[in-house]
Amino acid sequence: MSTSLLPLRRLTPPIHLLRAFSTVARFGGVSRAAEALHLTQSAVSKQIQELEKWVGVDLFERSRKRLTLTPAGERYEKAVRALLSQLESATLELITSTDGGGALHLSSLPTFGATWLIPRLPQFQQQHPQVTLHFVPYSYDLESPNLDCSILFGEGHWPGARAHYLDGQDVALIAPPASFGGPPIRSPHDVAQYTRLRHLTIPHAWLTWTHAWDVENLDPLAGLQFDQFQTIIQAVMAGMGVALVPRCLVEDKIAAGLVSEPLPEHGLVSNLGYWLCYPESRANIAPLVAFRNWLLTQARPYREPTTTSLAAQQKSRTKLRGSGSDFT
């Protein structure tokens, strides 16, 4: 029978049947599911049978000791689990939204989240107890229905999104701690004695730095490449080389002596940084308004970036293409 001919009621099973199904699937049996649902085993078994009769499909393969999902049951359980989770989140947001609060679903780059955002969040919770924060896996997809805002790294321009600068432009040159006994770095030219560590998505960082400080005795495209700042910082701590990283990610480690900053006056101001981003459609939801207003009190002012010549950038692009490296 075509699904268009099925009664609408049959396509929307009762919520208590779906919850019983999802719980039995999670625990792999009726006994533990009944405990979790505060029902008798008999009641849970009847609900599973009723759901199977409702949809006309066997959802479990039955053995003496265990219930195992059928292939159809596996597909259905994934969808049901996601729907129940969304329903719970929507209900929580509704319950808590009467006082201007609600649930806020956000994502953040791991290093920035752990180093910069999390230490500040207790203040937000104290000032806005009516807002419940839900961290979701990091995503650039601001159109996702499960995401209200995201902290992104870039120049501050994403189609269809509002962006507010937070931090990260101030880039520090860091080196292994003095205890490693490496060659001293007394001027920018001394950096050539060390291996340069580079971030995968910022291939021009060392090029910009060498032109800013007139350093000609090193190749700005040579060195080890990493995909996260946290890994780069750990590599510097281990004595693997020197790096250019956002100061906001490494201030505590410089203060603790875990890395050194041999040339405090020879960093640079990047055109890249961390930004709070969200789609226009969510700009006025109460939890986001509260979070945005608070977060901007923690932000640093935006500054004009250090620039390098167009010719130098073109030269870098040519080298990157010739080496087969990605250019982003």
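Values quoted throughout were computed directly from the atomic coordinates according to the rules given, and no laboratory measurement underlies them. Not measured: the values here are computed from a predicted model. Glycine gets a Cβ as well: all are built from the backbone with ideal geometry, and neighbour counts include every protein chain shown.
When a/c is below 1.5 the answer is rounded, else prolate if a/b is larger than b/c, else oblate, so apply that to region 170-270 with a ≥ b ≥ c taken from the square roots of the Cα gyration tensor eigenvalues.
Values: a/c = 1.34, a/b = 1.15, b/c = 1.16.
Rounded shape, in that the Cα axes give a/c under 1.5.
Hey, what did the chain get for relative contact order, percent, Cα under 8 Å, at least 6 apart? Spell out each step's value before the answer.
Details: 479 pairs, mean separation 63.6, N = 328.
Here the relative contact order equals 19 percent.
Please report the antiparallel percentage of the DSSP beta bridges confined to region 170-270, to the nearest 5.
Details: 7 of 12 bridges.
Antiparallel: roughly 60 percent of the beta bridges in region 170-270.
What's the long-distance tail for the chain, i.e. % of Cα pairs beyond 33 Å? List each step's numbers first, then the result.
Values: 26076 of 53628 pairs.
So the portion of pairs separated by more than 33 Å is 49 percent.
With both bridge residues required to lie in the chain, what share of the DSSP beta bridges run antiparallel, to the nearest 5%? Before the final figure, lay out each step's value.
Details: 21 of 34 bridges.
Looking only at bridges with both residues in the chain, the antiparallel portion is about 60 percent.
Using a Förster radius of 45 Å, what is the FRET efficiency between Ala238 and Glu35 based on their Cβ-Cβ separation? Nearest 0.05, please.
Values: r = 48 Å, r/R0 = 1.08.
Rounded to the nearest 0.05, the efficiency is 0.40.
Can you give me the orientation-averaged projected area of the convex hull built on the Cα atoms of region 3-94, in nm²?
6.6 nm²
Going by alpha carbons, how many degrees (0 to 90, nearest 10) lie between the helix axis of 15-27 and the longest principal axis of the chain?
The angle comes out at about 60 degrees.
I need the P(r) histogram for region 211-270: all alpha carbon pairs, bin width 5 Å from 0 out to the longest distance, whole percents.
For region 211-270, the pair-distance distribution reads 4, 15, 27, 26, 19, 8, 1.
Could you work out how much longer the chain between Glu155 and Asp141 gets when fully extended? Use 0.36 nm per residue separation minus the Cα distance between them, nm to one decimal.
Values: separation 14, 0.36 × 14 = 5.04 nm, distance 1.65 nm.
Roughly 3.4 nm would be gained on extension.
Provide the net charge surrounding Ala283, with neighbours chosen by a C-beta distance below 11 Å and charges set as Lys +1, Arg +1, Asp -1, Glu -1.
Working: positive: Arg162, Arg282, Arg292; negative: Asp148, Glu280.
Around Ala283, the charge tally is +1.
Quick one: if the Förster radius is 22 Å, what FRET efficiency do Ile15 and Leu133 give, using the C-beta to C-beta distance and rounding to 0.05?
Details: r = 26 Å, r/R0 = 1.20.
About 0.25, to the nearest 0.05.
Mind giving me the nanometre distance, one decimal, between the label points for His189 and Arg66, set 7 Å out from Cα along Cα→Cβ?
It works out to 7.0 nm between the two label points.
Any aspartates and glutamates with Cα under 16 Å of the Lys46 Cα? List them, leaving off those in the same chain fewer than 8 positions away.
Partners found: Glu35, Asp58, Glu61.
Using the beta-carbon distance between Arg303 and Ile254 and R0 = 22 Å, what value does 1/(1 + (r/R0)^6) give for FRET efficiency, to the nearest 0.05?
Numbers: r = 20 Å, r/R0 = 0.90.
That gives a FRET efficiency of 0.65.
Helix-only estimate, please: 222 nm mean residue ellipticity of the chain, summing -39500 (n - 2.57) across DSSP H runs of length 4 or more and dividing by its residues, to the nearest 500.
Details: 10 runs with 119 residues, N = 328.
Result for the chain, helices only: -11000 deg cm²/dmol.
Test of understanding: express the Cα radius of gyration of region 155-229 as a ratio to 2.2 N^0.38 Å, with N the residue count.
Values: Rg = 15.2 Å, N = 75, 2.2 N^0.38 = 11.3 Å.
Taking N as the residue count of region 155-229, the ratio is 1.34.
Using Cα centres only, tell me the gap between region 14-28 and region 111-155 in whole Å.
Region 14-28 and region 111-155 have Cα centres spaced 31 Å from each other.
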